[in-house]
Amino acid sequence: MQSTTMAILTLYGVLGVALFALWLKHKSVIRQKERMRDKLGSVEGNLTETSQRLDLLSRGVDTILSGTPQVHGLLGVHRSLESAESLLFNQGIPISNSESCAIASHAAKAVLKHHPERDPEIDATITPGLQPLSERLAAMLSEAEMKAEDIELSAGEHRRLGDLFHSVERNDWAADCFHRANELDPEDEFALRSLSEIQRQKGDLEDLDRSLERLLAISPDDMEVLKEQALLLDGNDPTRVTRNRKRLEGLGASQSLSEEESEITDIAKRARDAHQGIESALSQSESAADLVERAAKQILLGEVRGALESVEMALDMDANNGPAWLLQARLLAAGKGNTKAALKSIRRANALGEYTVVMESEILENDSRTDAAIQVLEEHLKKAPTDPEARGKLSLLWLSNGSNDSSRRVLDEAPDESWESATLHIMRGRLYLEDSDEHRDNTGKHEQMLLIDALVAFDKAIEHDRESGLAWLGRARALRYQGTYNEAEVALVRARRLIPDHTSIPLEEAHLSLDANNLERANALAIEATTRLKNNSNVPFIRGIIAARQGRLEEARNFFSSTLDIDPDHVRARLNRCSAALLSEDLAQALDDADHLVNARPEHELARLRRSEILMNHGDWAEAETELRNLLKQNSKHTMALVHLGTCMIAADKSEQAERPLNKAIEIDPSLSEAWYQRGLLYLDFGRVAEAMSDFEEATRSDPHHIDAKLRIAAILHEGDDLDKAIFAWRQVLDIEPQHQLARRRLIESRDLMASRQASLLPKD
């Protein structure tokens, strides 16, 4: 009994403890709810306050935008820059040079949308809010280590971008953009004036002189430019100073130059101070090494005579100064008639331990003593066979002398350790490109394996030296030959950055622009190349191609003739002159060029094809057939030769033999519209009208602008009873050639006949 009582009491005790715990939990939950209610109220209050603030801010922004609506579009610019920065820097994965350029170009164009073309003398305003974005763009481009040439913009766009950068005092970027604008459009006067303003502010006297000279080439009678340059060059270049003074006198300048008080005077004073500083340094120098260093600086300033005097002073102080003898040789070699003295200096430098063999060979080469230059290099390589620079120069000399085999032999004999230099790989790549050019001259086509070999060689050179501008230039050319123009442009941009003064750069850029059908830029670059390259056959050749594409056939022929005057073996110039003469109906000239090509390059397929076309235009069907059969012996699947052969047979009353070559051409290339058309003519001659109609329709499907096929279709329908189809067919002809008289007459006839038929069906009274 007692135990039962204790058990009950224990149970009640446990229940009481449990109830007490539940009560405590309930009180805790109630307190938590109260706290959550308080917090929720606070949050709601904060949200309400925040919402009110955002609403107020939104109304403020709307008010601002309503007053300056042009600012609204800048939000899109901000997003473009934000996206560009993310893609360039925040992806965590590397991106290619071409991708980086595309991203940067897109960002720049977004900014330029709000800075349209304007006359800077009338309107100097910039859209409010655009300057900070321009500053941001400049910072992004700098961080990406880009240059103006990396950004794919037109000349005018580069000029406008330079204007924006100048407004935010990012003058390095502004100058780079103005310089790029001038490269793309040498006639852009505003870009040059803006560039000269920055150079004037920075005190870049040498660059300022170049800009002023370019301005005078555009505006020879600009008095302010004439005065500024005369003052700038006073005491340094008497020839141009005299030229400018005479021009000013002829223009009636009222003041003497010495009386000019302006920024021009200040810049002139800085130029004279710089010159005097050099003279002072020369007088105070006691070290031959200091004098040599000073001479190098004088060369950069264009003061060749002063540099030579400094070198001579250095040699008077120390006759055993090897760098002084080397520099003297370079200076003497730059002038005419100094070859003997230059060689004497170079040999003294060599005796004193300087590396001179390449320079000595260049001096001899420039003196038209190529054999002597080759001998010097060969003798050197007997003693130092691993010298890659000398070996590369020797290979180049042989190549320039027209001996590709000897050039290749020099490379083949190179020890393995020589190939650790980029130089030999560059030469190997150039040889592959030469072989590719020769193959194209012989056949009219590039050999793709040679181009692949060239690319491998240039890539090897870049592996050894990523700063080799010549390797990037070679790579650009090989890629252009392959038709990969975007990659070629990236490589060419890199080459220009590394070797900006290389004479082949504008020429290669012109070729690339021509291949991209950008004729305006190609022409500007060709003109630039003309100023750098003398007697280079490719310059008039490019200008001839541009003229031909623009329909200026006579001018094109003159350019091609100039090319052949320089290089009579220029195959593509002769072929293009032949084509231009054929289009101009000068069949005699065309045939002369075609005969020359076929005799010189009997395997050149396009030359034989062009000769056959000329003979066909002459009406010499038998000789044309012979030429075409010779071409088909070389290439039995040459579709246009097969088509022309069929045409010749039809014209020579051998229609029964014409179907076979036309059938074969269609079998090889079912999209060849001319093959369908010629076979249609053949079937029409046979009286097989339905088959002819089918072939004419196939011709128009392959080439919707094949007007001859459309005329034949319309003529067949016109002779039939379906006037609706005939009217439609004549309209299609007129869509292509609105002034076609026959089609217009036949359309009227068909309409009149249609109206007559409809009238005849009307009920009679």
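Take A755 and tell me if it is more than 26 Å from K637 (Cβ to Cβ), at pLDDT below 90 and buried (at least 17 other Cβ atoms within 10 Å of the Cβ).
Details: more than 26 Å from K637 (Cβ to Cβ): yes; at pLDDT below 90: yes; buried (at least 17 other Cβ atoms within 10 Å of the Cβ): no.
It is false that A755 is more than 26 Å from K637 (Cβ to Cβ), at pLDDT below 90 and buried (at least 17 other Cβ atoms within 10 Å of the Cβ).
Looking at S671 and the list (1) assigned to a helix (DSSP H, G or I); (2) among the hydroxyl-bearing types (S, T, Y); (3) at pLDDT 85 or above, which single condition is not satisfied?
Just one mismatch for S671, condition (1).
Scan the range 623-637 for residues that are outside any helix (DSSP H, G or I), in contact with a Lys or Arg (Cβ under 9 Å, 6 or more places away or on another chain) and in contact (Cβ under 8 Å) with a residue 24 or more places away in the chain and jot them down. Steps first, answer last, please.
Taking the range 623-637 as the starting set, the residues that turn out to be outside any helix (DSSP H, G or I) are 635-637.
Next, from what is left, pick out any that are in contact with a Lys or Arg (Cβ under 9 Å, 6 or more places away or on another chain): 636-637.
Of everything in the range 623-637, just one residue is outside any helix (DSSP H, G or I), in contact with a Lys or Arg (Cβ under 9 Å, 6 or more places away or on another chain) and in contact (Cβ under 8 Å) with a residue 24 or more places away in the chain, namely K637.
Taking only pairs six or more apart or across chains, which ones have beta-carbon atoms under 8 Å, a first residue in the range 498-517 that is on the phi < 0 side of the Ramachandran plot, and a second residue that is surrounded by fewer than 19 Cβ atoms within 10 Å (Cβ to Cβ) and acidic (D, E)?
Listed by first residue and then by second, the contacts come to L498/E467.
Within the range 672-697, count every residue that is in contact (Cβ under 8 Å) with a residue 12 or more places away in the chain, of a type in the set (D, E) and surrounded by fewer than 21 Cβ atoms within 10 Å (Cβ to Cβ).
The number of residues fulfilling the criteria is 2.
Can you give me the number of residues within the range 698-727 that are of a type outside the set (G, A, S) and surrounded by fewer than 15 Cβ atoms within 10 Å (Cβ to Cβ)?
7
Cβ-Cβ below 6 Å, separation at least six or inter-chain, first residue in the range 424-449 and in a loop (DSSP other than H, G, I, E, B), second aliphatic (A, V, I, L, M): which pairs?
From residues that are in a loop (DSSP other than H, G, I, E, B), the pairs are G444/L606.
Among the residues of the range 526-540, write down those that are buried (at least 20 other Cβ atoms within 10 Å of the Cβ) and touching a residue at least 24 places away in the same chain (Cβ under 8 Å).
Correct list: E528, A529, N538, V539, P540.
Does the range 576-611 hold any residues that are of a type in the set (G, A, S) and either over 32 Å from the mean Cα position of the chain (by Cα) or farther than 23 Å from T647 by Cβ (or both), and which are they?
First, the residues of the range 576-611 that are of a type in the set (G, A, S): 579-581, 584, 588, 590, 594, 600, 607.
Result: A588, A590, A594, A600.
If a residue counts only when it is closer than 23 Å to A510 by Cβ and either in contact with an Asp or Glu (Cβ under 9 Å, 6 or more places away or on another chain) or touching a residue at least 24 places away in the same chain (Cβ under 8 Å) (or both), which helices (runs of 4 or more DSSP H) contained entirely in the range 98-190 have at least 2 such residues? Can you show your working first?
Details: elements: 130-143, 155-167, 171-184.
Filter on the range 98-190 gives 155-167, 171-184.
L583 fails exactly one of the following numbered conditions: (1) buried (at least 20 other Cβ atoms within 10 Å of the Cβ); (2) in contact (Cβ under 8 Å) with a residue 24 or more places away in the chain. What is the number of that condition?
Of (1) buried (at least 20 other Cβ atoms within 10 Å of the Cβ); (2) in contact (Cβ under 8 Å) with a residue 24 or more places away in the chain, only one is false for L583: (1).
Can you find even one residue in the range 106-114 that is under 26 Å from the mean Cα position of the chain (by Cα), at pLDDT below 80 and not hydroxyl-bearing (S, T, Y)?
For the range 106-114, residues under 26 Å from the mean Cα position of the chain (by Cα), at pLDDT below 80 and not hydroxyl-bearing (S, T, Y): absent.
Would you check if there is a residue in the range 430-452 being within 14 Å of G392 (Cβ to Cβ), buried (at least 20 other Cβ atoms within 10 Å of the Cβ), under 21 Å from the mean Cα position of the chain (by Cα) and of a type outside the set (S, T, N, Q)?
Yes: the range 430-452 contains one or more residues that are within 14 Å of G392 (Cβ to Cβ), buried (at least 20 other Cβ atoms within 10 Å of the Cβ), under 21 Å from the mean Cα position of the chain (by Cα) and of a type outside the set (S, T, N, Q).
The values are calculated or read from the model by the stated rules, or taken from the named source; none is laboratory data. Predicted, not measured: the structure shown is a model, and the values here were computed from it. Heads up, the Cβs are rebuilt from the backbone with ideal geometry, glycines too, and the neighbour counts pull from every protein chain shown.
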